[in-house]
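Novice: I have a structure I would like to understand better, so I am pasting it below and will then ask my questions one at a time.
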Amino acid sequence: MHCPYCNATESRVVDSRISEDGYSIRRRRLCENCERRFSTNETIQLCVVKRDGTLEAFDRQKIMDGVVKSAQGRPITESDLKKIVDAVEEKVRSLGLSQIDSYDIGHAVLEPLRKFDVIAYLRYASVYKGFKSLDDYINEIEKLKKRKN
Ligand SMILES: [Zn+2]
């Protein structure tokens, strides 16, 4: 990062703010050479490590697709869905990582989804946790019941 005044490469970050959309980070920097301040806008590149180990760019639409599928026929409005995805994206981006496992993203979906609708939660959990039998459902339902009490 070159200083726009003296072209020096050494600068210190004095303030960082993630933009509202979470896609870029605005940094105030202090040049160590001339001590002037300048701002940079840096794009945050977030990659998702898929289960097969390949990388792909973070895409909130994919989270939305998964949540929409789980919420089919349930009384969850479009704005609720957006809130869930927003919460997930915020959580994921606030970690400040450059890579995140798709598994961790799935995990981040569970909590906000449960608050909106337990049936949608159960559907999502069955895919995310790879339910194989009725017992898996029963166990999850037991856990949900315990939470409610
Ligand atoms: Zn400078």
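Just so you know, all these numbers are worked out from the coordinates, no wet-lab data involved. Computed from a prediction, not measured in an experiment: that's the story for all the values here. So basically every Cβ, Gly included, is an ideal-geometry build from the backbone, and we count neighbours across all protein chains shown.
Novice: Around T77, under 12 Å between beta carbons, what's the net of Lys plus Arg minus Asp minus Glu among the other residues?
Specialist: That works out to 0.
Novice: Can you work out ³J(HN,Hα) from phi for every residue in segment 62-68, in order, using Karplus 6.51 cos²θ - 1.76 cosθ + 1.60 and θ = phi - 60°, giving whole Hz and x for Gly and Pro?
Specialist: So the Karplus estimates, Gly and Pro as x, are 5, 5, 4, 4, x, 5, 4 Hz.
Novice: Where Lys and Arg each count +1 and Asp and Glu each count -1, what net charge lies around I105 among other residues with Cβ under 13 Å from its Cβ?
Specialist: Counting the neighbours of I105, the net charge comes to -2.
Novice: On to the next question. Multiply the residue gap between R36 and Y5 by 0.36 nm, knock off their C-alpha separation, and tell me the result in nm, one decimal place.
Specialist: This chain segment gains 10.4 nm when fully extended.
Novice: Output the 0 to 90 degree angle, nearest 10, between the alpha-carbon long axis of helix 134-148 and the longest principal axis computed from the alpha carbons of the chain.
Specialist: 70 degrees
Novice: Pairing the Cα long axis of helix 78-94 with the longest principal axis of the chain, what angle in degrees results, from 0 to 90 and rounded to the nearest 10?
Specialist: For 78-94 against the chain, the angle is about 50 degrees.
Novice: Roughly how many Å is it from the Cα centre of segment 25-88 to that of segment 99-120, as a whole number?
Specialist: For segment 25-88 versus segment 99-120, the Cα centre distance is 14 Å.
Novice: For the chain, give the magnitude of the charge dipole about the Cα centre (Cβ charges: +1 Lys/Arg, -1 Asp/Glu; no others), in debye to the nearest 20.
Specialist: It comes to approximately 440 debye.
Novice: Next question, about the same structure. Determine the relative contact order of segment 47-148: mean sequence separation of Cα pairs under 8 Å and six or more apart, normalised by residue count, in whole percent.
Specialist: It comes to 29 percent, rounded to a whole number.
Novice: Taking the dipole about the Cα centre of the chain, with the C-beta of Lys and Arg at +1 and of Asp and Glu at -1, give me whichever of V92, G53, N41 is farthest to the positive side.
Specialist: Result: V92, furthest along the dipole toward the positive end.
Novice: To the nearest 10 degrees, how steep is helix 118-128 against the longest Cα principal axis of the chain, on a 0 to 90 scale?
Specialist: 70 degrees
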